[in-house]
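Report on the structure given below.
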Amino acid sequence: MVSVSVLGCGFMGENHIHAVSDHPTLDLASVVDVDEDRAAAIAEEYGATRALTDYETALDDADAAIVATPEQLHAEQAHATLDRDCHLLLEKPVTDDLSSAWNLADRAAKSDVTTGVSFILRYDPGYSGARDAIADGSLGDPVSVRAKRGITTAESQRIGGRGHPVYYMNVHDIDAMRWCIGSEVECVRAVEHRGTLDEVGVPDAMQALFEFENGATGVLEGYGILPDDTPGQIDAAFGVVGTAGRAEVDTPGSTLTVHADRFDRPDTRHWPVVNGRMDGAVRRQIDRFAAAIESDEEMLATVEDGAHAQAIAAAMKTAAETGTDQSVDRP
């Protein structure tokens, strides 16, 4: 069994913890959170051996770590993980600073352990299918890719003070666009609208135009002021057009609709709990992490992939704030 410590017991941290807790080849050795009561409650619920507030103590007894803390802690904790030759799965964004993200990506690439970034859209059958349709030639040569993602005002207010929404939500779409097109973004144009979310210092909406090195174009839209009763709490879509066809993805899908005190479309693709067990893209990513540790295969999204997506996000943010075209900063 591979001994795993999960750092951070927030929303995504708990999802990872749930997926690890009943995995056949992983042992949930410890959960870590600055909130001692939260760590204790999560440890009890999912059967972790220990609940801790000190991540270094946790890493000393771990074979692998999942870092799901706020991004300003990522660099320190990820490097501490690699210092101990522990396998690493890192939540996005890579770090809170682009130069440190590239530095960590370089170190991860040279390490002898399994490393990766949590871009769960790569484990979503819809997004993976769209990418495969380009990769196997079914759609011909890629011409254009389009993505959008919106979250509710309440969610934006919850996370707004901790980071820009382009890093919190649209970085997933950026990675999916880059992965699907199979080329690097070389130029970014962007605009933004501000108003409702001024109190937390982030834009209400952003739109960006990407130019890829292979000649394809991309359009990305992000919204942070959707109504709080939005079905599924997320409104997202993805589409790619090639010279011989197109592929489309909608999120949330129509697998499940619930009409009770309100209309809802609960998530059935990313982190659904099925018969008490974490399923969906989160489960598939943990399965890949476990398999990669055993076989030395690469994660679907490397730390370098995470740094590339973060660089595009940084260019998008700067382009919107300055009204100027931006190249993408890469080493």
Check your understanding: Helix-derived [θ] at 222 nm for the chain: sum -39500 (n - 2.57) over DSSP H runs of at least 4, divide by residue count, nearest 500?
Key -> -11000 deg cm²/dmol
Point to revise | 10 Å Cβ shell holding at most 15 others, DSSP loop, GluC sites (Glu not before Pro): longest site-free stretch of the chain | key: 1-183
Check your understanding: Once the Cα atoms of helix 11-21 and of the chain are each reduced to a long axis, what angle between those two axes, in degrees from 0 to 90 to the nearest 10, is obtained?
Key -> 50 degrees
Study note, to complete from the structure: Note to self: C-alpha centroids of the stretch 1-69 and the stretch 216-248 sit apart, in Å, by 33 Å
Check your understanding: What are the lysines whose alpha-carbon lies under 18 Å from the alpha-carbon of LYS317, with same-chain residues fewer than 8 places away excluded?
Key -> LYS92, LYS148
Check your understanding: Tell me, LEU104, LEU226 in order of fewest to most beta-carbon neighbours within 10 Å?
Key -> LEU226, LEU104
**Study point:** Fluctuation leader among ASP305, ASP60, ASP33 - the chain, Gaussian network, Cα springs under 10 angstrom
**Key:** ASP60
Revision key, fill the gap. Computed about the Cα centre, the charge dipole of the chain from +1 Lys/Arg and -1 Asp/Glu charges at the Cβ has a magnitude in debye, to the nearest 20, of 900 debye
Study note, to complete from the structure: Percent antiparallel among DSSP beta bridges confined to the chain, nearest 5, equals 55 percent
Point to revise | Those trypsin sites (Lys or Arg not before Pro) in the stretch 226-331 that DSSP places in a loop and that have at most 11 other beta carbons within 10 Å | key: ARG262
Exercise for review: Please order CYS180, CYS86, CYS9, CYS187 by the number of other Cβ within 10 Å, starting at the fewest.
Suggested key: CYS187, CYS86, CYS9, CYS180
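Only the coordinates and a few stated rules stand behind these numbers; no lab work does. Bear in mind that the values here come from a model prediction, so they are computed numbers and not experimental data. Reconstructed Cβ throughout: ideal geometry from the backbone, glycine too, with neighbour counts over all protein chains shown.
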